[in-house]
Amino acid sequence: MAPDLPATSARPSRWELAWRQSDYWLTVYRRTWRGSVITSFLTPLFYVLAMGVLLGGFIQVAPERLEGATSYLAFVAPGLVAAQSMQLVVGEVTYPVMGMVKWNRIAFGMTATPLGPADVVNAHLGFLVFRLATVSGVFLAVLAPFGVLTSPAGAVGAFLTQILVGLAFATPIYGLSAGLRNEAAFALVFRLGIIPMFLFSGAFFPVGNLSPALETLARLTPLWHGVDLTRMFTLGTLEAGPALVHLGYLLAMAGLGYLWVVRRLTRRLGD
Amino acid sequence: MISAVGLRKAFGDFEAVRGIDVEVRRGEAFGFLGPNGAGKSSTMRMIAAVSPVTSGSLRILGRDPAEDGPAIRARLGVCPQEDTLDTELTVRDNLVVYGRYFGIPRSEVARRADELLEFVQLAERGKAKVESLSGGMKRRLTIARSLINRPDLLLLDEPTTGLDPQARHVLWDRLFRLKQQGVTLVLTTHYMDEAEQLCDRLVVMDKGLIVAEGSPLELIRGHSTREVAELRFGVGEHEALAAKVEDLGERVEVLPDRLLVYSDDGEEVIARVHERGLSPVAVLVRRSTLEDVFLRLTGRTLVD
Amino acid sequence: MATVPGVAQPRPTPSALAATRILLYRNYLSYRAAWYIFLTGFLEPVFYLFSIGVGVGRLIDSFEFNGETIGYAAFVAPGMLAASAMNGAVLDSTFNFFFKLKFEKLYDQILATPMSTLDVARGELAWSLLRGGIYSFGFLGVMAGMGLVSSWWAVLALPATLLVGFAFAGAAMALTTYMRSWQDFEYVSLATMPMFLFSATFFPVTAFPGVLRWLVEATPLYRSVVLCRELTTGALSWDSAVSVVYLVAMGVVGLLVARRRLDALLLT
């Protein structure tokens, strides 16, 4: 009897398999973009106005106390850009991922087709890159008239940094979500991880204002690396050494996180 | 189409499937019958090439799922036990988006989606949200979705569980038509009537093992009598009365609410019961079903 | 008179107090398993206080408030106190309330018993206030420990936060009964988020010019912040009296609307 499937069937490439989910993500985006306008675009802008412009109006200190920024607005703006990248992806890879593996179980439906767990992750990350690019692109464009971007090249560098910051947070937390049975843990991720990082990792004030122990801790967080790299680009104070450290840290996190999430999702979808 | 030898699946210490041999041929409708927890769904998920085999060999469409998962899944239609529909998309978008996962061009997938909505009688609900569908409609949509890639092999895990009788008949009718079109069907069920209606051949599973195999008729002939007399007595009397009717049939089963006397002539049994001065509250003579086969093989009922 | 066994005699409906107690107990049970969520809920305003009040505060000298000069942390702290009372109440009365109303169908279940819609509204409100009160108490303790409280009036800040919670919970509960899907909750953040940032929480209202300033002064969070700040600093003015009237009215109206709407939604 002839075999049911030909012995050699051309295997679609990883890109092709990820691209097949473009319709899915497009449909999701069409449904949710309206709601995301407030959290992705308005919230960061309001923070810039409240903290940078209005509160900043009460802050008159020398640039050396603001890591070289000539105004508090110029100091806080890159911090808010990087923090926004973090919050954007964390929002996308917590409850939505839980939904895909637990509530509506869409990921199970996806992998009943030629797609595998890695393809699901790839497409999802692709969607995040799109979200990061649009959100931080718009954010940086809005900041430009405030005069907080010192050079076009710096703006591009800051923009690319956001993709990296986003992926560095996305992959490990996606991995966490993929294997999680109970979503209550997310409350802890936000309350003990994301919010403290948002507030203490150098976005709002120089980490040097913290006590030495807390300062060291802050310098170990991924957000600090993201904030500092973004700030170097927007202030035009790029230094090769520290920049490479930031880059290496964020790349390692994104890469290791990726390996972990593929493994965790494969296991979750396999039982 | 499917060939399994010594197939096992373990989750930690728990062995859901404990070594089964299965052979499914092209064009047939094959069933896994058994109660909840018999290992049917685990078996189905291994066949669907999404759950790794713990040990034993499994070939689907002549290929090893561990190596050729994507190629196998490209030819499968899967209708899981729990609906995995996207509840936030419209009915039609569920089909279109799913079809795209197979790499089917957009225009083609749109055409098929309309065809399939027609086929499962949901054409006028295309723009509705999935949330607004009834249980039966969701099930039909899941089946339509599983057909979007024109599969050679359709896997249905408990296709009609939780549906009302009318919805079940609509669904069975659709599955019949697919079978006539030459689609190989593999389904699990814990409803014996469903197995009898749809399956050419089936295996009875219990506690992770296959306890019998054959066509529904073969199984009934081999493991039960032609007819069954059901006797209902007062509450609590069944256990005691079983001994008094034991010799009237080949076998007697005591259920909480009735006695089952297995015999080729049920009317005869009833007559003899009355001759002995016993007066059941209710009597019924019926043909043997797979339920009886299961009771015989495992000592338990299918649906409890 | 013979009684049928197994059929209870008609019982009077539970008193308002008993009904509230039952709902409080139910919520306590549901939270007990996730005690760490209860515990960590306290942290957010504290983090904000340390970050903005202390960290950013090092870059700011001091503000003048009602004629008194106060440090930046002492300025921000009552703002966070009021804002967290708002956030907690809004979260309970929108997101959690909607989940129970539309998804968990908890209230359908409760109303199949002698309990009434008013019992439900009152019970949920009581829970929200209890939770908020515990957080406020803790936060005031932190403020006192950091030396950010400068008057005995501060004792009244605790009941003030309960009033803030009552006002926001009542209004939010009423709005929630009009919500159709989760998407509608974006409007909630559209209201609370700008209030959190602009209602004189982080900087004096004098930062706003003319009309904008009036607008800010009319927001419920501004009224709440001013009330808390006047109490913790002891620099009281008629503003606080305005705030109290404003917040009481907001809560009462909200609760009445919520009750009417619940009757319409659940008792059909």
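The values are calculated or read from the model by the stated rules, or taken from the named source; none is laboratory data. Quantities reported herein were computed from a predicted structural model and do not represent experimental measurements. No Cβ is skipped: glycine too gets one built from the backbone with ideal geometry, and neighbour counts run over all protein chains shown.
Details
One line per residue, one yes/no per condition, for (1) surrounded by 22 or more Cβ atoms within 10 Å (Cβ to Cβ); (2) within 14 Å of another protein chain (Cβ to nearest Cβ); (3) charged (D, E, K, R):
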residue	(1), (2), (3)
C:Thr176	yes, no, no
C:Phe185	no, yes, no
C:Phe203	yes, yes, no
C:Val226	yes, no, no
C:Gly234	no, no, no
C:Val257	no, no, no
C:Asp263	no, no, yes
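- Filtered residues of segment C:26-79 (kept if within 23 Å of C:Leu125 (Cβ to Cβ) and either among the charged types (D, E, K, R) or buried (at least 21 other Cβ atoms within 10 Å of the Cβ) (or both)): C:Arg26, C:Arg32, C:Glu44, C:Pro45
- Any hit, segment B:195-215, residues being buried (at least 19 other Cβ atoms within 10 Å of the Cβ) and of a type in the set (Ser, Thr, Tyr): no
- Residue identified as surrounded by fewer than 21 Cβ atoms within 10 Å (Cβ to Cβ), within 13 Å of chain C (Cβ to nearest Cβ) and part of a helix (DSSP H, G or I) among A:Gly241, A:Gly193: A:Gly193
Conditions (1) closer than 30 Å to B:Ala74 by Cα; (2) part of a helix (DSSP H, G or I); (3) of a type outside the set (Asp, Glu); (4) within 14 Å of chain B (Cβ to nearest Cβ), marked per residue:
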position: A:Val121; (1), (2), (3), (4): yes, yes, yes, no
position: A:His124; (1), (2), (3), (4): yes, yes, yes, yes
position: A:Leu128; (1), (2), (3), (4): yes, yes, yes, no
position: A:Val135; (1), (2), (3), (4): no, yes, yes, no
position: A:Leu140; (1), (2), (3), (4): no, yes, yes, no
position: A:Gly157; (1), (2), (3), (4): no, yes, yes, no
position: A:Gln162; (1), (2), (3), (4): no, yes, yes, no
position: A:Val165; (1), (2), (3), (4): no, yes, yes, no
position: A:Ala168; (1), (2), (3), (4): no, yes, yes, no
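- For segment C:199-213, the condition of being within 25 Å of C:Phe97 (Cβ to Cβ) and within 15 Å of the chain's Cα centre (by Cα) holds for none of the residues.
- Condition check for B:Leu122: modelled with pLDDT of 90 or more and either in contact with an Asp or Glu (Cβ under 9 Å, 6 or more places away or on another chain) or not assigned by TED's automatic domain parsing to the domain that holds B:Ala167 (or both): no
- Screening C:Val211 against (1) more than 23 Å from C:Val252 (Cα to Cα); (2) touching a residue at least 12 places away in the same chain (Cβ under 8 Å); (3) away from chain A (no Cβ under 11 Å) leaves a single unmet condition, (2).
- Among the criteria (1) part of a helix (DSSP H, G or I); (2) more than 29 Å from A:Tyr95 (Cβ to Cβ), the one C:Phe203 does not fulfil is (1).
- Hey, A:Tyr95 surrounded by fewer than 18 Cβ atoms within 10 Å (Cβ to Cβ), modelled with pLDDT of 90 or more and out of contact with any Asp or Glu (no Cβ under 9 Å at 6 or more places or on another chain) or not: no
- Residue selected from segment A:214-238 under the condition away from chain C (no Cβ under 14 Å) and among the small types (Gly, Ala, Ser), by the criterion surrounded by the most Cβ atoms within 10 Å (Cβ to Cβ): A:Gly226
- Failed item in (1) modelled with pLDDT of 95 or more; (2) within 13 Å of another protein chain (Cβ to nearest Cβ), with A:Val261 passing the rest: (2)
- Selected residue (only one of B:Ile47, B:Ile72, B:Ile60 is closer than 19 Å to B:Leu185 by Cα, facing chain A (nearest Cβ under 10 Å), touching a residue at least 60 places away in the same chain (Cβ under 8 Å) and crowded, with 22+ Cβ neighbours inside 10 Å): B:Ile60
- Tally, over segment A:178-187, of residues that are within 11 Å of chain C (Cβ to nearest Cβ) and exposed (fewer than 14 other Cβ atoms within 10 Å of the Cβ): 2
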